[in-house]
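Visitor: Just dropping this structure here.
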Amino acid sequence: MTGRGTAGPRLLVYSQDGLGLGHLRRTTLLVSEFLTALPNASALTISDSPLGQFFSSADGHDYLKLPSIHKAAPGHWNAVSLVLPVADVFAIRREIIRSVALTYRPDVVLVDHMPHGAMGELVPTLEALSRLPVRVVLGLRDILDAPEVVRDRWQLEGAFDAVEQHYDEVLVYGSQDVFDVAAQYSWPATISKRLRYCGYVTAADSPNSSGGLRTRYLRRRPDSDLIVAIAGGGADGYRLFDTLLDAVPGLVSQRPCSIVIVTGPLMPAPEGLDLMRRARGLPVHVLRSVSDTRRYLRAADLVIAMAGYNTSVESLGAARRALLVPRPGPSAEQQMRARLFAERGWVGWLPPAQLSPETLQQAIAKALTMPATAPASVPDLNGRIEAVRYLNAAVEQRPSLPTPDLVPALVGPQLIES
């Protein structure tokens with residue numbers, strides 16, 4: 001077996017993202033930062049996003065797509081495309097993950113969100129990697145779901161045991177002052193000491209000016225407000241945009257405004273076409289996706305968004321007024337984030353149970369009268385840099401490679417068949 005030659009460190013990322021693009025967006029940001037810090041490194045992301053390699057990344061980064069699955073409820077999953085029993089889909093995914101990990105032989109593994117993988121699919125890989133010289137790191141957004149749901153599911157599915165047995169560190173992409181992961185989710189003391197709060201992960205400031213966007217969308221009424229409405233991947237964004245379109249006539253009767261709706265690439269085509277049809281004759285522009293979301297956020301007088309992690313945090317980084325309208329389910333994550341951010345005065349929010357054209361119109365009018373979020377008042381947004389600092393340290397701390405004559409014994413057929 002040949003050695004690694006002059007190649008640099010290898011990072012393997014597991015990113016399960018069956019509904020939207022949030023996990024893939026966050027891990028891609030981290031990989032790009034990692035490769036910038038270590039230009040001779042390589043990174044391989046194993047992901048199941050239906051869009052595959054949607055985000056551009058740095059040289060040295062490649063993707064491997066798993067068959068996609070969708071979380072219907074806690075502990076319940078369905079296949080997205082394959083017409084197979086979900087148990088068969090998970091069997092395929094398990095074997096792909098394990099085989100790729102053993103062949104790739106990473107120095108560092110970053111597991112996003114699920115320490116044991118969806119329905120425990122990562123456990124065979126983690127057990128196999130425990131025999132190799134690799135550092136294993138778990139990355140968590142701070143809020144996963146309601147505390148009682150996470151505690152029950154993690155106990156039932158063995159997630160706490162997986163952290164105990166297989167992980168060297170746990171990086172939390174958030175602030176302990178906003179959400180204390182160990183306390184809220186009842187982490188055992190033995191693994192709580194592995195938690196490292198990094199701050200919120202967001203992209204670097206865009207070098208592109210946002211002035212051109214304001215000129216484009218406000219050229220007829222320069223005194224208008226520019227409202228940008230966004231829903232991440234957009235798979236479940238139709239309800240928000242449908243309500244917003246119904247609210248537009250009443251809104252523009254009160255104050256001049258121009259509205260840009262970014263549906264997201266995962267919105268079903270019939271829903272996107274319906275929004276475009278209904279936007280005709282209104283000061284509304286409907287786009288499927290944009291290449292630089294932050295540029296649009298910075299151009300806005302008000303950002304209306306669902307309360308996904310990335311959009312919420314990037315709105316704070318853009319220092320603009322934001323109104324969050326979280327999804328009603330299947331988890332409580334977005335509602336919890338919107339409420340916690342609103343309690344600190346960073347955003348406004350409208351609970352999904354209260355969403356109607358009238359309440360949305362009122363919330364928008366109120367939000368437009370509020371001062372923009374001051375950069376000094378928002379939380380630590382340096383999570384991208386801090387998390388990669390830990391990953392780089394993990395590279396330096398990884399054990400020495402086994403001698404060449406031992407490597408085949410670790411990755412040979414006897415391990416794969418165990």
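Visitor: Condition first: closer than 25 Å to Trp346 by Cβ and among the small types (Gly, Ala, Ser). Now tell me which residues in the stretch 163-186 satisfy that.
Guide: The answer is Gly174, Ser175, Ala182, Ala183.
Visitor: A further question follows. When the stretch 163-179 is examined, which residues are found to be crowded, with 17+ Cβ neighbours inside 10 Å, under 19 Å from the mean Cα position of the chain (by Cα) and of a type outside the set (Ser, Thr, Tyr)?
Guide: Matches in the stretch 163-179: Val170, Leu171, Val172, Gly174, Val178, Phe179.
Visitor: Right, another one. Name, by its number, the condition in (1) of a type outside the set (Phe, Trp, Tyr); (2) touching a Gly at 6+ places or on another chain (Cβ under 8 Å); (3) modelled with pLDDT under 95; (4) surrounded by fewer than 20 Cβ atoms within 10 Å (Cβ to Cβ) that does not hold for Pro357.
Guide: With respect to (1) of a type outside the set (Phe, Trp, Tyr); (2) touching a Gly at 6+ places or on another chain (Cβ under 8 Å); (3) modelled with pLDDT under 95; (4) surrounded by fewer than 20 Cβ atoms within 10 Å (Cβ to Cβ), Pro357 is out only on (3).
Visitor: Looking at Leu84, Leu44 in this structure, which one is more than 30 Å from Asp152 (Cα to Cα) and hydrophobic (A, V, I, L, M, F, W, C)? Steps first, answer last, please.
Guide: Numbers: Leu84 fails: more than 30 Å from Asp152 (Cα to Cα).
Of the residues listed, the single one that is more than 30 Å from Asp152 (Cα to Cα) and hydrophobic (A, V, I, L, M, F, W, C) is Leu44.
Visitor: Among the candidates Arg98, Arg10, single out the residue that is within 19 Å of Ala387 (Cα to Cα) and at pLDDT 90 or above.
Guide: Details: Arg98 fails: within 19 Å of Ala387 (Cα to Cα).
Just a single option satisfies the conditions, and that option is Arg10.
Visitor: So which of Leu132, Leu140 is within 22 Å of Glu396 (Cβ to Cβ) and touching a residue at least 40 places away in the same chain (Cβ under 8 Å)? Steps first, answer last, please.
Guide: On the way: Leu140 fails: within 22 Å of Glu396 (Cβ to Cβ).
None of the other options fit; the residue is Leu132.
Visitor: Run down Val395, Val388 and say which single residue is of a type in the set (A, V, I, L, M), surrounded by 12 or more Cβ atoms within 10 Å (Cβ to Cβ), touching a Pro at 6+ places or on another chain (Cβ under 9 Å) and at pLDDT 70 or above.
Guide: Numbers: Val388 fails: touching a Pro at 6+ places or on another chain (Cβ under 9 Å).
On inspection, the qualifying residue turns out to be Val395.
Visitor: Got a sec? Which helices (runs of 4 or more DSSP H) wholly within the stretch 286-350 have at least 1 residues that are free of Cβ contacts under 8 Å to residues at least 24 places away in the same chain, over 19 Å from the mean Cα position of the chain (by Cα) and surrounded by fewer than 20 Cβ atoms within 10 Å (Cβ to Cβ)?
Guide: Details: elements: 293-299, 309-317, 333-343.
Counting at least 1 such residues, we get 333-343.
Visitor: Here are some residues: Val83, Val136. Which one is exposed (fewer than 15 other Cβ atoms within 10 Å of the Cβ) and assigned by TED's automatic domain parsing to the domain that holds Leu66?
Guide: Working: Val136 fails: exposed (fewer than 15 other Cβ atoms within 10 Å of the Cβ).
Criteria check complete, one pass: Val83.
Visitor: Out of all the residues in the stretch 124-133, which are at pLDDT below 95 and not polar (S, T, N, Q)?
Guide: Arg131, Leu132, Pro133
The values are calculated or read from the model by the stated rules, or taken from the named source; none is laboratory data. Bear in mind the structure is a predicted one, so any value in this text is a computation, not a measurement. Neighbour counts are summed over all protein chains in view; Cβ atoms, including those assigned to glycine, are modelled from backbone coordinates with ideal geometry.
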